[in-house]
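First the structure, in the form of structure tokens, and then the observations on it.
Taken together, the values in this text are just the output of simple stated rules run on the coordinates, not laboratory data. Here the structure is a predicted model, which means the values were calculated and not measured. Ideal geometry is used to build each Cβ from the backbone, glycine not excepted, and the neighbour counts take in all protein chains shown.
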Amino acid sequence: MNFMESFVVSVGGSMINPSTVDIEYVREFSNIIRNVKAPKVGIVVGGGQTARNYVGSMKNFTSNDFFLDEIGIMATRMNAKILKASIGNLARKIPEDINEAIVQLSEDDRVVMGGTVPGHTTDTVSVLLAEAFGIKKVYNLTSVDRVYDEDPKKNPHARPMEKIGYKEAFAISLKSYTGAGSNQFMDSVSLLIAMRSGIEINLMHGKDLNNFENALNGKKFVGTKIFGN
Ligand code: UTP
């Protein structure tokens, strides 16, 4: 792999933990991260099925989104811990906030974390981590292959976008916001943070790790670049 700039990668929980932990995926992803020649890499992990399971179960006892988010965060940290075990340096704890993460990243070159506080998803954590550390590139490995101009589940004629500006991406994301557990390509707050700091987001389906490697190496990849007006 070529030398590349520092980056943050947000790995959707549905990649790491679609029903149970996908060990092969964790291994393959970790291999890429171990071989990558970037000075600093932040890795932010989503909650996947464990989050859905626990948030869903807790809904029997409360409908308060703050507390539902709290248990979702716990799930993201469990997935982060597994990924950390695979990448190495288990002695380091999973950072619980961005400040802690950037201290680790300045000392270790790699940091693995999950969620931080209620009110957003790990999409926002990844962009905040990039912002705080002065990193300008985020890769979002998720469960859709591209951003579409409309919800493709509702409109079969929705157009896939190769490139989209922050404002348009924000508007599309906001339209599909339905509260906790929303099915958005990225949460809306993350797009505002990216916009204010000019952070380029490269979104793609997380299953195809060759595609991710192409993106890392500056080659053509299937996905959407979110940047600019
Ligand atoms: P995810 O980042 O996995 O959210 O966090 P998601 O977008 O719902 O899941 P995917 O990407 O589609 O698989 C899981 C849940 O944990 C809480 C939220 O409730 C979120 O839905 N969370 C996560 C927070 O409240 N704060 C965080 O910083 C991260």
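Observations on the model:
- In the range 96-150, a dipole from Cβ-located charges (positive for Lys and Arg, negative for Asp and Glu) runs towards its positive end, and of N140, I98, S126 it is N140 whose Cα lies farthest in that direction.
- Kirkwood estimate for the chain, i.e. one over the average of 1/r between Cα atoms, Å: 17.5 Å
- When each of K84/K137; K93/K219; K81/K219; K136/K220; K84/K207 is checked by Cα-Cα distance, pairs over 28 Å: K93/K219; K81/K219
- Its Kirkwood hydrodynamic radius, worked out from the mean inverse distance over all distinct Cα pairs, puts the range 109-229 at 14.7 Å.
- With both residues required to sit in the chain, DSSP beta bridges show an antiparallel share near 20%.
- Full extension of the chain between A91 and K163 gives 21.9 nm of extra length, using 0.36 nm per residue less the Cα-Cα distance.
- Using only side-chain charges placed at the Cβ, +1 for Lys and Arg and -1 for Asp and Glu, the dipole size of the range 117-170 relative to its Cα centre rounds to 100 debye.
- Cross-link reach is defined here as a Cα-Cα straight distance under 16 Å, omitting same-chain residues fewer than 8 places apart; for K167 the aspartates and glutamates meeting it are D149, E150, D187, E200.
- Ranked I43, I87, I94, I201, criterion: other C-beta atoms within 10 Å, fewest first: I87, I94, I43, I201
- Neighbourhood net charge (14 Å Cβ-Cβ; Lys/Arg +1, Asp/Glu -1) for Y166: 0
- Ordering G47, G13, V36 by the projection of their Cα atoms onto the charge dipole of the range 5-49, which places +1 on the Cβ of Lys and Arg and -1 on the Cβ of Asp and Glu, puts V36 at the extreme positive end.
- Multiplying each eigenvalue of the alpha-carbon gyration tensor of the range 151-191 by 5 and taking the square root yields semi-axes of 17, 15, 7 Å, largest first, rounded to whole angstroms.
- Residue order, fewest to most beta carbons within 10 Å, for V125, V21: V21, V125
- Global dimensions of the range 1-66 from alpha-carbon coordinates: Rg and Dmax equal 15.8, 51 Å.
- log₁₀ of I(q)/I(0) at q = 0.21, 0.24, 0.25 Å⁻¹ - the range 38-92, Debye sum with one point per alpha carbon: -0.76, -0.88, -0.92
- Most mobile listed residue (A158, A91, A51) in the chain, GNM with C-alpha springs under 10 Å: A91
- Nearest-20 debye value, the range 1-40 charge dipole, Cβ charges on Lys, Arg, Asp, Glu: 200 debye
- Annotation for the range 150-221 versus the range 1-39: alpha-carbon center distance of 18 Å.
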